[in-house]
1. Can you tell me how much longer the chain between ALA62 and LEU97 gets when fully stretched, taken as 0.36 nm per residue apart minus their C-alpha distance, in nm with one decimal?
2. Label GLN133 and ALA162 with points 7 Å out from Cα along Cα→Cβ: what is the distance between them in nm?
3. Could you derive backbone 3J(HN,Hα) for region 205-213 from the dihedral phi with the Karplus parameters 6.51, -1.76 and 1.60 (θ = phi - 60°), listing whole Hz in sequence and x where the residue is Gly or Pro?
4. Round to the nearest 0.05 the FRET efficiency obtained for ARG143 and ARG193 when R0 = 51 Å and r is the Cβ-Cβ distance.
5. Would region 1-48 count as rounded, prolate or oblate if I go by the C-alpha gyration tensor, calling it rounded below 1.5 in a/c and otherwise prolate when a/b exceeds b/c, oblate otherwise?
6. So for the pair LEU17, ILE214, with labels modelled 7 Å out along Cα→Cβ, what separation do we get in nm?
Amino acid sequence: MATKPAVRVVVQHGNRLFRELLAENLARVPGVAVVGTVPSRTRLAEVCAGRIPDVAVFEADAGGSDPLPAPVRLVGLGDGGPRSAGTAAVVPYGSGLRVLLDVIKQAGARTPALTTRERQVLCLIGAGHTPRQAAAVLGISPRTVENHKQQIFAKLDVHSQAHAVAHAVRLGLVGAPAELPGPYPLSLTRREREILAAIGAGHTTRQTASELGISARTVENLQGALFRKLRVHTRTAALVAAHDLRLIEV
């Protein structure tokens, strides 16, 4: 049986220590070959033009607009804000190396990227909006929203809305709320606000469950739903995102 070729990766980051540590860890992973490390987007474009990697991991929050060769799949590292044109995925720094590896392998396998409209639809349904509500926000028909959902399911190889949202969030395929045309139409339920308040108070899952009179498992499920709505992965990030979206005041 022929050996599957390794995914060729170039790493760009302005922090030298971070860049070298990330490259060293990626190089140890079977099926991944690091073919270069660079400090800037300009150098990244030059290296990609010469070595044509499969994937370029870059510092998404640093700005810059140097064009990259079309065959290269872009995977950004960042904590929010609009994604650069052509970016296949953005992985939050808090997600960890395992999530980044999953994204790199998906990108290297040429998984079809979601369009801007598909990411908008996924962003809205992940926040609990019905197709009719999502259609009203985007200025399209509910039938068009359903068509986009089917395209999303096919691209991500999933069969339900919940799996599509979970898969896209894990792989960083859904952009920031800034991608939506207008204010992010997200609202929290009373229980989600209680969970958020408990997080802000520093309560543990068990303490929150006792205070609200529900099980610890229910608290975890509610917290997971809250994280998906806010597009975050940690309790601290949830507080920051909720404040930025003016869902809470601190």
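FYI, it's all coordinate maths here, none of it is from the lab. Just so it is clear, the structure is predicted and the values come from calculations on it, not from any experiment. Methodologically, a virtual Cβ is constructed for each residue, glycine included, from the backbone with ideal geometry; neighbour enumeration extends over all protein chains shown.
1. On the way: separation 35, 0.36 × 35 = 12.60 nm, distance 1.99 nm.
Extending this stretch completely gives an extra 10.6 nm.
2. It is 1.8 nm.
3. Once θ is set to phi - 60°, the couplings for region 205-213 become 4, 5, 5, 5, 4, 5, 5, 8, x Hz.
4. The computed FRET efficiency comes out at 0.95.
5. oblate
6. It is 4.1 nm.
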